[in-house]
Amino acid sequence: MIKMEKERKIAGISWNVFLLGLVSFLNDMSSEMIAPIVPTYLTDILKMGKLASGSIMGLIESLSSLFKVIFGYISDVFRKRKTFVALGYLLSTIAKGALALTHSWWDFLTLRILDRIGKGIRTAPRDALIAESSEKGKSGKSFGFHRMMDTLGAVTGPLVAVGLLALLSKYPKELAYRYIFLISAIPGAIGVLIVIFLVKDRGGIVKKKIKEISSLKSPHLRAFLAVVAIAALGRYSYAFTLWKVKELGYSIFQGLEFYALFNVIYALAAYPIGSYSDKVGKKKIITTGFGIAGLASLLFAYSKSLAMLMLAFILYGVYMAIEDTIPRAYMADLAKEYEKGTIIGMYHTVFGIFVFPASIIVGYLWQTYSLEIGFLYASVMNFIAMILMGTFVKEKAN
């Protein structure tokens, strides 16, 4: 059993969880300052085609997950989670700022890969640290708070980008984008300093050696990871939603507004959904999330009006609030204390392996048929995941 010193709280959240939430706010503000302009940067500035752009976005979002189980396991062994969290955020911050210097798809891809490697290094150790800093039975609340703060940063980022685009409107579009890339490194750097000087490790000394990953022997956990894989095949990059906005004739400024709406919904929903999952059970919430994802994709496929498009972004925000929050808490609950980083990392890795082909498939369907067909494919995969989750996965996997 890991012994934790008593820690002060803020609104029922431990100080460590609060600080990690603040760091995620700053980092996501940094990331989301550039995220809404990246699709246009790829197609209009770097002159990349639809399939290539979709593939790169999928690769970028998938690659980090391949490192998560590795560094989750390493952080379990050394019990120095903070080191990996700080290193991961530092790499990402450097990579985002350096995008200002890119002039080809290869430069862009290299730096985005470095950014995702940073995410891969920090995510599982950070999630394990959140779990270790949470009260028993309150993991959903802690992860919900963290995702809320993360997404508030994602709300702030596009709004800052809109302001910067307005201020830089007299400059050529390419130069304005490069300035935004450079400025995005500032909040990320502040977050790195908070991790280094204020966040505390909670690992302690693990008395049991890591010889067996007992939770992974559970057939119900394996069933859950299989469902995660299927759902990930329907998890397209956010870039496709912005390409849909562009396809309907809206400007990049309007696209940023839609993206901000999505993130507002995500931020408002994450914390209450996380707390609610502690009461009603995480399986029910995850199952519902897949259904909402399927419906959102249907709306994106058939959206022709402003109202339908807004509803699609709202449902997409609720879905992300669920599926980016509750599975982490679910995995943290079932993991033994000595393997939290490994178990949470396993979830991220399985997800990452299967989310990469999702964007390639949707990109191919977009290029060969239409964006509508790509969204319909994603809808089917999410509805299948919903049925399997409700049928084969139990509330307690171990």
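Rule-based calculations on the coordinates, nothing more; no lab input. The shown structure was predicted, so the numbers you read here are calculated from the model rather than taken from an experiment. Counting neighbours? That spans all protein chains shown, and the Cβs are built from the backbone with ideal geometry, glycine included.
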Over the chain, the sum of -39500 (n - 2.57) across DSSP H runs of at least four, divided by residue number and rounded to 500 deg cm²/dmol, gives at 222 nm -26000 deg cm²/dmol
Ranked packing of 170-177, 256-263, most packed first, by mean Cβ within 10 Å | 256-263, 170-177
Separation between the L167 and I70 pseudo-spin-labels, each 7 Å from Cα along Cα→Cβ, expressed in nm?
-> 3.8 nm
Would you be so kind as to identify which of A296, I94, V38 lies farthest towards the positive end of the dipole of the chain, taking Lys and Arg as +1 and Asp and Glu as -1 on Cβ and the Cα centre as origin?
-> I94
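Rank the residues H220, H146, H103, H348 as a footprinting-exposure proxy: fewest other Cβ atoms within 10 Å of their Cβ go first.
H103, H220, H348, H146
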Spin-label pair E135/Y302, simplified geometry with 7 Å Cα→Cβ offset, distance in nm = 4.5 nm
Dividing the alpha-carbon Rg of segment 9-392 by 2.2 N^0.38 Å yields what?
-> 0.93
Restricting attention to the alpha-carbon atoms of segment 220-327, what are Rg (one decimal) and Dmax (integer), both in Å?
-> 14.6, 46
Evaluate the distance, in nm, between pseudo-label points positioned 7 Å from the Cα of L311 and of A229 along their respective Cα→Cβ axes.
-> 3.5 nm
Let me see the pair-distance distribution of segment 267-367: every alpha carbon pair, 5 Å bin width, integer percents in order.
-> 2, 12, 17, 19, 21, 14, 9, 5, 2, 1, 0
On the formula 1/(1 + (r/R0)^6), with r taken between the Cβ atoms of V77 and H103 and R0 of 51 Å, the FRET efficiency rounded to 0.05 is 0.80
Mind scanning K82/K336; K82/K138; K80/K141; K246/K282; K282/K336; K173/K246 and naming the pairs with a C-alpha gap bigger than 27 Å?
-> K246/K282
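So how do 273-283, 16-26 stack up, highest first, on mean other-Cβ count within 10 Å? Write down the numbers at each step before the final one.
On the way: 273-283: 19.2, 16-26: 24.1.
The peptides rank, most packed first, as 16-26, 273-283.
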Segment L182-I113, extension gain: residue separation times 0.36 nm, minus the distance between their alpha carbons = 23.1 nm
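For each of F143, F356, count neighbouring Cβ atoms within 10 Å of the residue's Cβ, then give the residues from fewest to most. Write out the running numbers ahead of the final one.
Numbers: F143 31, F356 23.
So the ranking, lowest neighbour count to highest, is F356, F143.
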